[in-house]
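**Student:** Pasting a structure here, questions to come.
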There are 4 protein chains.
Amino acid sequence: MSAHSPLSNLAVPVRSDGKKIRAGVLGATGMVGQRLVHLLADHPWFELTEVAASERSSGKTYAKAVHWHLETPVPAAACDLVVKGLDPSLDCDFVFSALDSSVAGPAEEDFARAGYPVVSNSRNHRMDPDVPLLIPEVNAAHLDAIPLQQKNRGYDTGFIVTNPNCSTAGLVLVLKPLADAFGLEKIFVVTLQAISGAGYPGVASMDIQGNVVPFISGEEEKMEAEPQKLLGKWDGSRFVDAGLGLSAHCNRVPVVDGHLECVSIGL
Amino acid sequence: MSAHSPLSNLAVPVRSDGKKIRAGVLGATGMVGQRLVHLLADHPWFELTEVAASERSSGKTYAKAVHWHLETPVPAAACDLVVKGLDPSLDCDFVFSALDSSVAGPAEEDFARAGYPVVSNSRNHRMDPDVPLLIPEVNAAHLDAIPLQQKNRGYDTGFIVTNPNCSTAGLVLVLKPLADAFGLEKIFVVTLQAISGAGYPGVASMDIQGNVVPFISGEEEKMEAEPQKLLGKWDGSRFVDAGLGLSAHCNRVPVVDGHLECVSIGL
Amino acid sequence: MSAHSPLSNLAVPVRSDGKKIRAGVLGATGMVGQRLVHLLADHPWFELTEVAASERSSGKTYAKAVHWHLETPVPAAACDLVVKGLDPSLDCDFVFSALDSSVAGPAEEDFARAGYPVVSNSRNHRMDPDVPLLIPEVNAAHLDAIPLQQKNRGYDTGFIVTNPNCSTAGLVLVLKPLADAFGLEKIFVVTLQAISGAGYPGVASMDIQGNVVPFISGEEEKMEAEPQKLLGKWDGSRFVDAGLGLSAHCNRVPVVDGHLECVSIGL
Amino acid sequence: MSAHSPLSNLAVPVRSDGKKIRAGVLGATGMVGQRLVHLLADHPWFELTEVAASERSSGKTYAKAVHWHLETPVPAAACDLVVKGLDPSLDCDFVFSALDSSVAGPAEEDFARAGYPVVSNSRNHRMDPDVPLLIPEVNAAHLDAIPLQQKNRGYDTGFIVTNPNCSTAGLVLVLKPLADAFGLEKIFVVTLQAISGAGYPGVASMDIQGNVVPFISGEEEKMEAEPQKLLGKWDGSRFVDAGLGLSAHCNRVPVVDGHLECVSIGL
């Protein structure tokens, strides 16, 4: 990360007033949002100050609005937060977005335009030519694209950064040191993915009970496109693909949590 | 069944013209409807001549409209039938109804009023005071209520007959001979019910994967009410309950097909 | 518990030398034994000082001998303990027994005869006429049988106390306050029991995958006998059964942990 | 297959006396044996005349000896056959062997030496330098090795032919036409394999319930060795490997029947 990248002040885990950085979560009632709320409870850097979701939930307390799926209880710090709508007027320093892809596109742009750094798990902006797709351990230098993004889009202090698809993240963390040490030409990856990845209600039990489903809509496309960007370079004006030969086959298996990936490299 | 009951002509498995009785299926694309279509293929008494469903499916061939879930293929005789809407102008002698309870109530009345005998698997009319809830081996005499139903409702040749909830049917077939031989006072029944009973998509895999769900909405109420009617009597003007003490506890289990019931009788 | 019961000194959770009470676990490598080892780690009253098992494991460290099945790691305090055989010469104040019923009978007697209090999860001595079958919240007074047991069997400081079958324990905890308040006459209980209750390897996956098995060998007999003793009384010379009408139906379900019981009382 | 191969007379599906060829099954009570018994019932070419198994089962009728796992009933033609031991004195023209690998090695040699053609599903002799590993659609010409096998081993009319591991069979059937048309250099294959492949009791439910097990003992070794022989050539004196780069990763999944294989070819 360059010294002047817009996130450099976040590297110090306090605000200028000495307090924790205040985080909001968009799409906080969904399954990814619940995971974020869980991870932000008692976080050493962040304080969860806002939860936002679609209109159906807004106005209720988080404890009442959420259909909680994790085994741990709803964090005490989140229970009494009132769920807000997707209006970019939240009391927080930045937002994590766990919005469904049906609404994430324009909503995340609204927040960035209103000055919020947006860190998104949604797929909508991942492949945008001026939006970093980020795994900090892999391609932190891609954050250098943010000033151009802000200039292109007329954002002031706000911007959008995305993280990759879950299956991509695990794969690329393994590929990165191999790419650096040996170079990579061809990758074949087969996944066995848990049902929680499809959200709730997600996969119908009639489809997966005692069964394996050798297809996950859009997943193979993401796994074949995103590593190209992650392992590629930001050349100052655009992202240059890594130019890998990449083939992915994704299977859904009757397991609640976790992904298993079998990878063949550079055959 | 009395000699003059409206179904007595159906007891001879041919029409007056010597042909098979022509059956229609309402709600033919759902999971219960699929089972009916499967059972009517190559049936010795019936010929499936019409399939009807909600507006979304109508106009397509059955093969294109249905998301088929059975392990056997779509019956050849059904593939090319054009799915009709729920207008009571079908070319058939009677209809089986597998309609969802959200639409079954008035739709079944429309067909009865238009002259069709309606044999329904839906719950809407089961407890109506002039509608037989029928297990032929248990309470065929309840068909004697049909003339009063027709008079009450202004139906001419049409009428409605229902079958009980799946868990009730298995229970009452067992209780009937015991009730006849010994009398019954108190029944406690616990069910373990498969996921197919909830239709498709039905139970979310996140809810049932490696789990048992000790609640099925409305099921215990049905299991505690329907046997009273089935084991009771038609006294010429109304159904008299059997007056049993009945308690049911229903569990969903991660099994595709079948129900298991554990019953305690007359403790 | 009477003032002079042999366990009364255990009610003070320290030894006379001010140290924690030293516990041994028999059958420590099996699935019940693992659970005991897990529960004894960092226990406020007990220090785990000995693990014992069949000859096949003895001589190895516990970390090497055990095929660990719990999600938490092997407790650090247990890893380096050397697994002993079933010889009653362990360095501990008493033993928990998780021995398989094929060996528990005489082995537990050997330890009691050698002076060890034996607290057993095995079924072998549960219904012995001079051995308490104990749920402390339910029938602590049954400990009064221990002096007669010691006299009958020629034990000095040692004795045997057992806990009931897992399904019985949950049932009787619920029945006890109802029995006290209202009296109980007849009980019908249906269980849905997880696969972990059968140990490891236990239930074959071919038997339980997508299935429910309506039979667990010996389980219904235990559930119908043990509550009679637990809810009955020690009259100074023998245990008097509670005289309940009790009927149990036990099912195995494809769930890893936990039991669900549906109970009908006093119909 | 050459005109003089020892199996050429089997290509005519009748014996010289015009009757069906009489087949025996070794290991008939195991899960693979049951499948063979099922497939031989009402077979147009074969009549099942003998079932043999370990000493524990011999002397009983097949219906009594077998713990039947298939959904179809035990074939009527097999029910009353008396299970014989593994003595090569069966009344049949040849045997299928479904013996466990712990006993298959010498038992199959005994039968071949006694004059029986042995067609084996066991792994013991698959990689023997004079035993064909056969998929008839792929490498029927490997049967030409039989005369040398008979000469080497002093067999007269008897011999041993094997079929590959289940996962290998599906893979090689797909690879063969591609190898013929394009040549193959490198293969990466990932399997998702059902629990029935491990026999009964096989996989413990505690290991596979809601889980995927990324290891099947010996399976990857077989999948990496057997295709080399199957896709290679018999040069008149020995089998010449295909010389492929082959990597296999095998996973057990909680499904009852079937294997799914994801293959990357010639990357």
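The values are calculated or read from the model by the stated rules, or taken from the named source; none is laboratory data. Quick caveat: nothing in here was measured; it's all calculated off a predicted structure. With ideal geometry, Cβ positions are generated from the backbone for all residues, glycine too; neighbour counts draw on all protein chains shown.
**Student:** Search the range A:215-259 for residues being among the aliphatic types (A, V, I, L, M) and more than 19 Å from the chain's Cα centre (by Cα), and hand back the single one that is farthest from A:V203 (Cα to Cα).
**Tutor:** Ranking the candidates gives A:V240 first.
**Student:** Right, here's the next one. Going through the range A:58-80 one residue at a time, which ones are in a loop (DSSP other than H, G, I, E, B) and surrounded by 22 or more Cβ atoms within 10 Å (Cβ to Cβ)?
**Tutor:** Result: A:V66, single match.
**Student:** Is it true that D:S247 is outside any strand (DSSP E or B) and either within 8 Å of another protein chain (Cβ to nearest Cβ) or touching a helix residue (DSSP H, G or I) at 6+ places or on another chain (Cβ under 8 Å) (or both)?
**Tutor:** The answer is no for D:S247.
**Student:** Can you pull out every residue in the range A:33-45 that is hydrophobic (A, V, I, L, M, F, W, C) and modelled with pLDDT under 95?
**Tutor:** A:A41, A:W45
**Student:** Just checking, which of C:V138, C:V131 is in contact (Cβ under 8 Å) with a residue 60 or more places away in the chain, away from chain D (no Cβ under 14 Å) and farther than 24 Å from B:P214 by Cα?
**Tutor:** C:V138
**Student:** Which pairs do you get when a residue that is at the interface with another protein chain (Cβ under 7 Å from one of its Cβ atoms), found in the range C:204-220, comes within reach of a residue that is of a type in the set (D, E), reach meaning Cβ atoms under 9 angstrom, with the pair 6+ apart or on two chains?
**Tutor:** C:S205/D:D207
**Student:** Is it the case that some residue within the range D:219-229 is closer than 23 Å to D:P117 by Cα and charged (D, E, K, R)?
**Tutor:** Within the range D:219-229 (the criterion being closer than 23 Å to D:P117 by Cα and charged (D, E, K, R)), the answer is yes, since at least one residue qualifies.
**Student:** Could you check the range A:113-123 and list, in sequence order, the residues that are touching a Ser or Thr at 6+ places or on another chain (Cβ under 9 Å) and within 21 Å of A:C92 (Cβ to Cβ)?
**Tutor:** The answer is A:A114, A:G115, A:Y116, A:P117, A:V118, A:V119, A:S120, A:N121, A:S122.
**Student:** Would you confirm, using the coordinates I've provided, whether A:A194 is of a type in the set (A, V, I, L, M, F, W, C), away from chain D (no Cβ under 14 Å) and in contact (Cβ under 8 Å) with a residue 12 or more places away in the chain?
**Tutor:** Spelling it out, it is not the case that A:A194 is of a type in the set (A, V, I, L, M, F, W, C), away from chain D (no Cβ under 14 Å) and in contact (Cβ under 8 Å) with a residue 12 or more places away in the chain.
**Student:** Another question, then. Filter the range C:19-41 for residues that are in a loop (DSSP other than H, G, I, E, B) and among the basic types (K, R); which is surrounded by the fewest Cβ atoms within 10 Å (Cβ to Cβ)?
**Tutor:** C:K19
**Student:** In the range B:250-261, what count of residues is obtained for those that are under 14 Å from C:S264 (Cβ atoms) and at the interface with chain C (Cβ under 9 Å from one of its Cβ atoms)?
**Tutor:** Of the residues in that region, 0 qualify.
**Student:** If you go through the range A:142-164 one residue at a time, do you hit one that is under 20 Å from A:S217 (Cα atoms), touching a strand residue (DSSP E or B) at 6+ places or on another chain (Cβ under 9 Å) and basic (K, R)?
**Tutor:** Within the range A:142-164, none of the residues are under 20 Å from A:S217 (Cα atoms), touching a strand residue (DSSP E or B) at 6+ places or on another chain (Cβ under 9 Å) and basic (K, R).
**Student:** Take the range C:226-255 and flag every residue that is in contact (Cβ under 8 Å) with a residue 24 or more places away in the chain and within 14 Å of C:V189 (Cβ to Cβ).
**Tutor:** If the condition is that a residue be in contact (Cβ under 8 Å) with a residue 24 or more places away in the chain and within 14 Å of C:V189 (Cβ to Cβ), then C:E226, C:P227, C:L230, C:L231, C:L244, C:G245, C:L246, C:S247, C:A248, C:H249, C:C250, C:N251 are the ones that fit.
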